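The values are calculated or read from the model by the stated rules, or taken from the named source; none is laboratory data. Note that the structure is predicted; figures quoted are calculated from it, not measured. We place every Cβ from the backbone using ideal geometry, glycine too, and count neighbours over all the protein chains shown. Ligands, DNA and RNA are stripped out before the accessible areas are found, and what is left, the full protein with its side chains, is counted by its heavy atoms. Shrake-Rupley method; radii C 1.70, N 1.55, O 1.52, S 1.80 Å.
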Amino acid sequence: PLEVARGCIFKCSFCQYDLIGKKKHEYIKNYDNLREELIQNYELFGTTHYLFSDDIINESIDKVRHLHHIFTNLPFKITWTSYARLDLIWKFPEMRELLQEAGATGLFFGIETMDANVGKLIGKGLGKDRIVNTLNYLNETWKDNIIMTGNFIIGLPQDTEKNIYNTFEWLSSNECPLDAFDLIPLNLRRLDDGRPMNDIAMHPEKYGYRTKEVINGKMLNWENNNLSFERAIEIHEDFKSSEQFYQKNLVGNSWLGRITNLGYKEEEVKKLIFKKKTADESQNIMSEWKEKTNEKINLYKKEII
């Protein structure tokens, strides 16, 4: 993992990360230093694959152009995965080629909802048509090359159970260009948690929520006119136990580096992610990776002891 920039220029109502709402070009690593770091890592360790841990790798077109210039002028080729905003690619279509040429091999999009009205309430109002069109636009050149992962949230303001199930059906279909996805329950932390709070947790009534008791000592048990936290968990478990989920979801892009660390080649892992699989085939592949992981852990323990 390597961090190019800290924080996020956006301030989505559900987000609980540090340094949200920063200004553009703030808290960004000096680009000469970044280049030197990449070269040093290559010379010392042979590192050519990274997980950039930035909240958003493509927070501005200027940042993407600078990264493209650095990465394409290294004396060796790197590949990387990171988190990205889909709406910024919709706004700046040239990012598609810039990111690919810069070595992107997997991007995680926090899409959160397909409903435009719900999206506007949380700060992500791209809407279904533009989401689908942008993903298809990316798939024209990224197909079988760059892993596209999408995240969605169960229980956003004014979202309905019907919308969520419709989203799941689309995500599971062949029409959806995403290579992996997840739908997770909305997480609201208690006010005295000690960590950053999102705006929904701080002002639940503003978004139509009622908060009840604390669950597991840290999360608020919430409900609104459409859903409750308990029901959101049930829906999530329903999706995760379905054949449809594992037919498409082997792993998301952020796991690519972890799997290659087990001794697999990057292209080999990508082929497994891209190819059509049954749920059983996906489970068998993941079981093999878990076994390899345990072997690595045991070997590490043995060497340390």
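Here are the numbers:
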{"quantity": "Karplus 3J(HN,Hα) series, Hz, for the range 283-289 with 6.51 cos²θ - 1.76 cosθ + 1.60 (x for Gly, Pro)", "calculated": "5, 5, 5, 5, 5, 5, 5"}
{"quantity": "Eligible lysines near Lys77 by straight Cα distance, threshold 16 Å, same-chain separation 8 or greater", "calculated": "Lys265"}
{"quantity": "Using distinct alpha-carbon pairs, which all enter the 1/r mean, Kirkwood radius of the chain in Å", "calculated": "20.8"}
{"quantity": "Carbon/sulfur fraction of accessible area - the range 205-295, other protein chains in place, 1.4 Å, %", "calculated": "46"}
{"quantity": "Quotient of Cα Rg and 2.2 N^0.38 Å for the range 221-305, N being how many residues it contains", "calculated": "1.45"}
{"quantity": "Lysines with Cα under 17 Å of Lys206, excluding same-chain neighbours fewer than 8 positions away", "calculated": "Lys11, Lys120"}
{"quantity": "Phi-based couplings in Hz for the range 265-276 (Karplus 6.51, -1.76, 1.60; Gly and Pro marked x)", "calculated": "7, 4, 5, 5, 5, 4, 4, 5, 5, 6, 6, 5"}
{"quantity": "Scaled radius of gyration (Cα, divided by 2.2 N^0.38 Å) that the range 91-245 gives", "calculated": "1.13"}
{"quantity": "Accessible-area order (highest first, 1.4 angstrom probe) of the listed residues Asp144, Asp54", "calculated": "Asp144, Asp54"}
{"quantity": "Accessible surface, per residue, of the range 185-305 when the full set of protein chains is kept, probe 1.4 Å, Å²", "calculated": "62"}
{"quantity": "Alpha carbon convex hull of the range 155-305, volume per residue in cubic angstrom", "calculated": "156"}
{"quantity": "Distance between modelled label sites at Tyr17 and Arg65, nm, 7 Å Cα→Cβ extension", "calculated": "2.3"}
{"quantity": "Residue-level accessible surface for Val251, protein heavy atoms, 1.4 Å, Å²", "calculated": "20"}
{"quantity": "With 5 Å bins from 0: P(r) over the range 1-83, alpha-carbon pairs, percent", "calculated": "3, 14, 25, 25, 15, 9, 6, 2, 0"}
{"quantity": "Surrounding net charge for Asp115, when Lys and Arg each add one and Asp and Glu each subtract one, Cβ distance under 11 Å", "calculated": "+2"}
{"quantity": "Candidate lysines for bridging to Lys248, where Cα separation is under 18 Å - those fewer than 8 sequence places away on the same chain excluded", "calculated": "Lys143, Lys240, Lys270, Lys271, Lys275, Lys276, Lys277"}
{"quantity": "Prolate/oblate/rounded label for the range 180-231 (Cα gyration tensor, a/c 1.5)", "calculated": "rounded"}
{"quantity": "Additional length obtainable on full extension of the chain from Tyr137 to His49, 0.36 nm per residue less Cα span", "calculated": "29.1 nm"}
